[in-house]
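Scroll down for the structure; my scribbles are underneath it.
The values are calculated or read from the model by the stated rules, or taken from the named source; none is laboratory data. All values derive from a computational prediction rather than experimental measurement. Backbone-built Cβ (ideal geometry, glycine too); neighbour counts: all protein chains shown.
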Amino acid sequence: MAIKYSVEGNSFQGRRNENQDSLTFARGSDIYAIADGVSDRPNAKEGSSSAVKVVRNLLEEKIRRHKGKPADWAKAAMERANEIVFTMNCVRDNSGEVQVAKLANTTLDFGFVHNQVLYGAHIGDSRVYLLSNEGNLEQITTDHSTDGYLQKMLGKIKHIEDPKDYDSYAIPLAGYKRILFATDGVYKLLSNDELKRSLEAKDAPAALGAIFALAAKPVDIAKKYVEEHKVPLEHAQSRLGRNDNMTAIVVVMEGK
């Protein structure tokens with residue numbers, strides 16, 4: 001039986017002046033991408049938006065032309081996105097010298113399915129998860145951050161290389177039934193058990209809805225906050241929920 005990939009994604013502004021997250025997905029070509037603009041950069045939204053657009057356009061062209069190896073397409077997309085964001089960051093000072101202003105840096109996570117293999121690349125602290133057929137949740141990316149500070153991001157340096165500056169992957173999907181792309185405004189508010197239960201929902205819209213409901217009004221993390229700070233649960237949920245921008249894409253493999 002042929003595998004069908006159904007997808008749902010959305011983004012919501014949290015308690016920020018601007019939603020600096022971006023996402024895109026193409027149902028026909030099974031391309032998915034999210035980016036989280038670095039919050040202290042004034043043009044972070046422009047950077048994240050440009051990154052996901054570049055990835056989608058390049059991958060759609062590669063898939064349509066079907067030349068080369070899918071793993072190389074993923075690397076080309078990540079490196080091209082970095083070039084675009086780095087160029088956005090380059091400005092000329094009064095003497096005409098080019099300086100890196102670091103105005104549009106962003107994380108980037110994307111994937112595409114080719115012959116039932118998930119190819120993709122990752123930089124920053126957004127995440128990609130897989131839910132196995134047995135119900136095990138696996139985080140397939142590693143956060144590029146230390147003590148809450150990003151160490152790797154798009155646009156920081158002119159040229160990036162795998163695996164020194166970013167990570168790429170190629171994972172056969174035969175043993176999995178769900179894919180989740182999520183920014184930190186989502187996954188930091190849900191426990192792994194909550195993520196698993198949400199992803200087990202009947203379809204992609206239901207799973208995405210369950211995830212966002214918990215990100216807006218967290219339960220498990222709020223209970224820990226109650227224990228630590230001795231406050232009512234409602235106070236903890238109000239303080240924690242929607243604290244950051246929230247962006248996620250859920251992919252459901254059907255017909256398995």
Sole exception among (1) farther than 30 Å from SER49 by Cβ; (2) at pLDDT 95 or above; (3) touching a strand residue (DSSP E or B) at 6+ places or on another chain (Cβ under 6 Å) for ASP193, by number: (3)
Selection count, the stretch 1-40, where residues are touching a strand residue (DSSP E or B) at 6+ places or on another chain (Cβ under 8 Å) and of a type in the set (Lys, Arg): 2
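Among the strands (runs of 3 or more DSSP E) confined wholly to the stretch 1-96, which include 2 or more residues that are farther than 14 Å from GLY155 by Cα and touching a helix residue (DSSP H, G or I) at 6+ places or on another chain (Cβ under 9 Å)?
Details: elements: 4-12, 21-26, 31-36, 90-92.
Those strands (runs of 3 or more DSSP E) span 4-12, 21-26, 31-36.
Filter the stretch 134-150 down to the residues that are part of a loop (DSSP other than H, G, I, E, B) and at pLDDT 95 or above and list them by number.
Within the stretch 134-150, the first condition is being part of a loop (DSSP other than H, G, I, E, B), and the residues that meet it are 134-136, 140-144, 147-148.
Passing the criteria: GLU134, GLY135, ASN136, ILE140, THR141, THR142, ASP143, HIS144.
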Condition check for LYS158: more than 20 Å from THR247 (Cα to Cα) and outside any helix (DSSP H, G or I): yes
Leading residue by the ranking (farthest from the chain's Cα centre (by Cα)) among those in the stretch 128-160 that are closer than 20 Å to ALA51 by Cβ and of a type in the set (A, V, I, L, M): ILE157
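Considering only the stretch 175-212, how many residues are part of a loop (DSSP other than H, G, I, E, B), of a type outside the set (A, V, I, L, M) and either in contact with a helix residue (DSSP H, G or I) (Cβ under 6 Å, 6 or more places away or on another chain) or surrounded by fewer than 19 Cβ atoms within 10 Å (Cβ to Cβ) (or both)? Break it down into steps so the answer makes sense when it comes.
Step one: filter the stretch 175-212 for residues part of a loop (DSSP other than H, G, I, E, B), giving 175, 183, 188-191, 200-203.
With the extra rule that they be of a type outside the set (A, V, I, L, M), the set shrinks to 175, 183, 188, 191, 200, 202-203.
Those left that are additionally either in contact with a helix residue (DSSP H, G or I) (Cβ under 6 Å, 6 or more places away or on another chain) or surrounded by fewer than 19 Cβ atoms within 10 Å (Cβ to Cβ) (or both): 175, 188, 191, 200, 202-203.
Of the residues in the stretch 175-212, 6 are part of a loop (DSSP other than H, G, I, E, B), of a type outside the set (A, V, I, L, M) and either in contact with a helix residue (DSSP H, G or I) (Cβ under 6 Å, 6 or more places away or on another chain) or surrounded by fewer than 19 Cβ atoms within 10 Å (Cβ to Cβ) (or both).
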Single residue of VAL219, VAL250, VAL231 found to be among the β-branched types (Val, Ile, Thr) and within 20 Å of LEU130 (Cβ to Cβ): VAL250
Residues of the stretch 56-91 classified as surrounded by 14 or more Cβ atoms within 10 Å (Cβ to Cβ), out of contact with any strand residue (DSSP E or B) (no Cβ under 6 Å at 6 or more places or on another chain) and either on the phi > 0 side of the Ramachandran plot or among the β-branched types (Val, Ile, Thr) (or both), total: 2
Enumeration of residues in the stretch 152-176 that are in contact with a Ser or Thr (Cβ under 6 Å, 6 or more places away or on another chain) and of a type outside the set (A, V, I, L, M): ASP162, GLY175, TYR176
